[in-house]
Amino acid sequence: MSVNTAAYKKILHEVHSRNAELIAVSKTKPVEDILELYQLGQRDFGENYVQELIDKQPQLPTDIKWHFIGHLQSNKVKYIASFIHMIHGVESLKLLREINKQAQKHDRVIKCLLQLHVAKEETKFGMNVEELMELLNGYFGEKDSLHHISIGGLMAMASFTNDHHQISTEFKEVRSIFDKVRTEMSSILPDFNQISMGMSSDYPLALSEGSTLVRVGSSIFGNR
Ligand SMILES: *Cc1c(COP(=O)(O)O)cnc(C)c1O
């Protein structure tokens, strides 16, 4: 077993002391490892790949809350819509419409987080502020036909760097955009209350900047 129980308990304590929640990122890890963490009480797990997720999900307890944290293609939403708890990383109205359509088939509401791009790398996914506002405006225009999704907040990844100041600056930017949207649009976005940021290398910085959901994989499950 490769689960680092001591690290898990330490991280969980840090996360809870900030009133945040821990998502254990189990991508590439076997169901045995997920079960081991489940038996310690962990219920929120994150996966990046649709095929891997739909292979594992039926083998595991049904009260696990699955978070999709990878890049989701519209044509794959149908495979996870019956059970997925939250989809992080939404960056188009097209995808929101498809999630709504598939969730409706199962009479569910799926929580969606909108992904911001704040990192320096160009390869990372996500929107800038203008694109975010454009997406939100589109959503407001169609809100009455989108009852099967709820916009739960923002998701972001910081630059891949050892420069803590840079990382904190990026997390602060996410937090300030979050605060702005939340204040100005609270009546139309009643469920906008999560900031998903922070991974193994930078979750303490993310917690300091107001993250409510950290996504930690390798520190708990070992390197991939
Ligand atoms: C893999 C992954 C994580 C977890 O990364 P670790 O460095 O293993 O903690 C978090 N978020 C996203 C989007 C990921 O793809």
Subject >> Which listed residue, of 49, 38, 79, is under 17 Å from the mean Cα position of the chain (by Cα) and hydroxyl-bearing (Ser, Thr, Tyr) >> reply: 49
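Residues checked against (1) without any contact (Cβ under 8 Å) to a residue 12 or more places away in the chain; (2) more than 16 Å from the ligand (Cβ to nearest atom); (3) loosely packed, with under 15 Cβ neighbours inside 10 Å:
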position	(1), (2), (3)
145	no, yes, yes
159	no, no, no
162	yes, no, yes
177	no, yes, no
196	no, no, no
201	yes, no, no
204	no, no, no
216	no, no, no
221	no, no, no
Original post:
What is the number of the single condition among (1) open to solvent by less than 60 Å² (accessible area, probe 1.4 Å); (2) over 18 Å from residue 214 (Cβ atoms) that residue 168 does not meet?
Top reply: (2)
Subject >> Qualifying positions in region 23-69 - within 11 Å of the ligand (Cβ to nearest atom), in contact with an Asp or Glu (Cβ under 6 Å, 6 or more places away or on another chain) and open to solvent by 30 Å² or more (accessible area, probe 1.4 Å) >> reply: 27
**OP:** Would you check if there is a residue in region 1-14 being touching a residue at least 24 places away in the same chain (Cβ under 8 Å), under 17 Å from residue 201 (Cβ atoms) and crowded, with 17+ Cβ neighbours inside 10 Å?
**Re:** yes
Subject >> Residue selected from region 82-131 under the condition open to solvent by 70 Å² or more (accessible area, probe 1.4 Å) and under 28 Å from residue 169 (Cβ atoms), by the criterion nearest to the chain's Cα centre (by Cα) >> reply: 111
Subject >> Selection count, region 147-157, where residues are more than 16 Å from the ligand (Cβ to nearest atom) and over 13 Å from residue 114 (Cβ atoms) >> reply: 2
Original post:
Looking at (1) aromatic (Phe, Trp, Tyr); (2) surrounded by fewer than 22 Cβ atoms within 10 Å (Cβ to Cβ); (3) within 16 Å of the ligand (Cβ to nearest atom); (4) not in a loop (DSSP other than H, G, I, E, B), which is the one condition that is false for residue 140?
Top reply: (3)
Subject >> Scope region 179-194; condition within 28 Å of residue 12 (Cβ to Cβ) and open to solvent by less than 80 Å² (accessible area, probe 1.4 Å); matching residues >> reply: 179, 191, 192, 193, 194
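The values are calculated or read from the model by the stated rules, or taken from the named source; none is laboratory data. Quick caveat: nothing in here was measured; it's all calculated off a predicted structure. Using ideal geometry, Cβ is built from the backbone for each residue, glycine included, and neighbour counts are taken over all protein chains shown. These accessible areas exclude ligands, DNA and RNA; they are computed on the full protein's heavy atoms, side chains included. Shrake-Rupley method; radii C 1.70, N 1.55, O 1.52, S 1.80 Å.
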